[in-house]
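The values are calculated or read from the model by the stated rules, or taken from the named source; none is laboratory data. This is a predicted model, so every value here is computed, not measured. FYI the Cβ positions are ideal-geometry reconstructions off the backbone, even for glycines, and counts take in every protein chain you see.
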Amino acid sequence: MGQHSMSKRHWEVANLGWLGERSSKFRQEVRNHVLVRRYSSGDYPHHVGDEAGGIYGVIEGSFGTYAASEAAGIVLGHIFRKGAWFGQGPITSGKPRYLSFKAMEASVILYLPPSALNQIAHSFPGAERELMSLSEYNQLIMTRVVSDLLIRKTDCRIAAVLLRLFEIIPNGLRAGDTCRLTQSELSEMTNTSRHTANTVLKSFELKGWIEVSYGSITLMRPDELRRCAYA
């Protein structure tokens, strides 16, 4: 992990999702307090059970979200990509971390430590509410994680998970967008075997919906993938 300065491009990326929906006053407060950190692939900003800390905004790379399961141990549920913010849970609960986050590749984040969050929350009337809105924003994503896993047909379930990973902003699917993702990670997030995930990906690729490379998938025809997911 290293400390770096923030570029104009980084700030634009940070505003793609949740932060971009906040007021200009709130965004400026965030900009005044953020720290830029770089993580190597495999680094963890925090683990399940860690004490509460700050929140993180992805501006380069991606971070896997891991939850503790009594049946399966630590499992991958979602991958946050550029524009996503995470780590807000303990802010509202005051309890230790219940999720782990891992850099899936070399990544850069904006970090707001607890002291900065406290200053932002008290900076102007309504600021605390804007900060807490991150919980609701990410709850909608977690709801999709659950609903995707309830899709019975395997190929439709895999298509739905792919769409979720590619959708950096609501209704923001773009042909040509590439996501760093292995078949093993996809099989874990879709609750399928690696062989099944590989077979389905090959069928999607033959139809021209995606392109599969080593360790990454490129979205080619989002509308077709959506039709498959929600048929």
Inset, instruction - For the stretch 24-62, enumerate the residues that are more than 15 Å from A84 (Cβ to Cβ) and acidic (D, E). - result: E29, D43, D50, E51
Inset, instruction - List the helices (runs of 4 or more DSSP H) that sit entirely inside the stretch 159-231 and contain at least 1 residues that are within 17 Å of G64 (Cβ to Cβ) and out of contact with any Phe, Trp or Tyr (no Cβ under 7 Å at 6 or more places or on another chain). - result: 183-190, 194-206
Inset, instruction - Search the stretch 38-65 for residues that are touching a residue at least 24 places away in the same chain (Cβ under 8 Å) and crowded, with 17+ Cβ neighbours inside 10 Å and pair each with any residue that is assigned to a loop (DSSP other than H, G, I, E, B) and among the acidic types (D, E) when their beta-carbon atoms are under 7 Å apart and the residues are at least 6 apart or on different chains. - result: G61/E105; S62/E105
Inset, instruction - Scan the stretch 182-206 for residues that are over 13 Å from I217 (Cβ atoms) and basic (K, R) and jot them down. - result: R194
Inset, instruction - Output the residues belonging to the stretch 169-203 that are among the hydroxyl-bearing types (S, T, Y), within 30 Å of V13 (Cβ to Cβ) and surrounded by 19 or more Cβ atoms within 10 Å (Cβ to Cβ). - result: S187, T190
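Is it the case that some residue within the stretch 130-153 is outside any loop (DSSP other than H, G, I, E, B) and within 16 Å of E224 (Cβ to Cβ)?
Among the residues of the stretch 130-153, not one is outside any loop (DSSP other than H, G, I, E, B) and within 16 Å of E224 (Cβ to Cβ), which makes the answer no.
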Inset, instruction - Return the pairs, sorted by first residue and then second, in which the second residue is of a type in the set (D, E, K, R) and part of a loop (DSSP other than H, G, I, E, B), the first residue lies in the stretch 169-180 and is under 17 Å from I141 (Cβ atoms), the beta carbons are less than 6 Å apart, and the residues are 6+ apart or on different chains. - result: L173/E167
Legend entry - Residue match in the stretch 55-72 (condition: part of a loop (DSSP other than H, G, I, E, B) and either within 20 Å of M132 (Cα to Cα) or among the hydroxyl-bearing types (S, T, Y) (or both)): yes
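Matching residues to (1) within 30 Å of G126 (Cα to Cα); (2) aromatic (F, W, Y); (3) at pLDDT below 95:
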{"residue": "S7", "(1), (2), (3)": "yes, no, yes"}
{"residue": "G20", "(1), (2), (3)": "yes, no, yes"}
{"residue": "S40", "(1), (2), (3)": "no, no, no"}
{"residue": "V48", "(1), (2), (3)": "no, no, yes"}
{"residue": "A52", "(1), (2), (3)": "yes, no, yes"}
{"residue": "W85", "(1), (2), (3)": "yes, yes, no"}
{"residue": "T92", "(1), (2), (3)": "yes, no, yes"}
{"residue": "S100", "(1), (2), (3)": "yes, no, yes"}
Inset, instruction - Scan the stretch 106-127 for residues that are crowded, with 18+ Cβ neighbours inside 10 Å and within 16 Å of the chain's Cα centre (by Cα) and report the count. - result: 5
Legend entry - Pair list, Cβ < 9 Å and 6+ apart or interchain, from the stretch 76-92 residues that are closer than 18 Å to Q119 by Cβ and surrounded by fewer than 22 Cβ atoms within 10 Å (Cβ to Cβ) to residues that are at pLDDT below 95 and acidic (D, E): P90/D50; P90/E51
Inset, instruction - For E12, state whether it is assigned by TED's automatic domain parsing to the domain that holds I109, of a type outside the set (V, I, T), in contact with a Pro (Cβ under 7 Å, 6 or more places away or on another chain) and at pLDDT below 95. - result: no
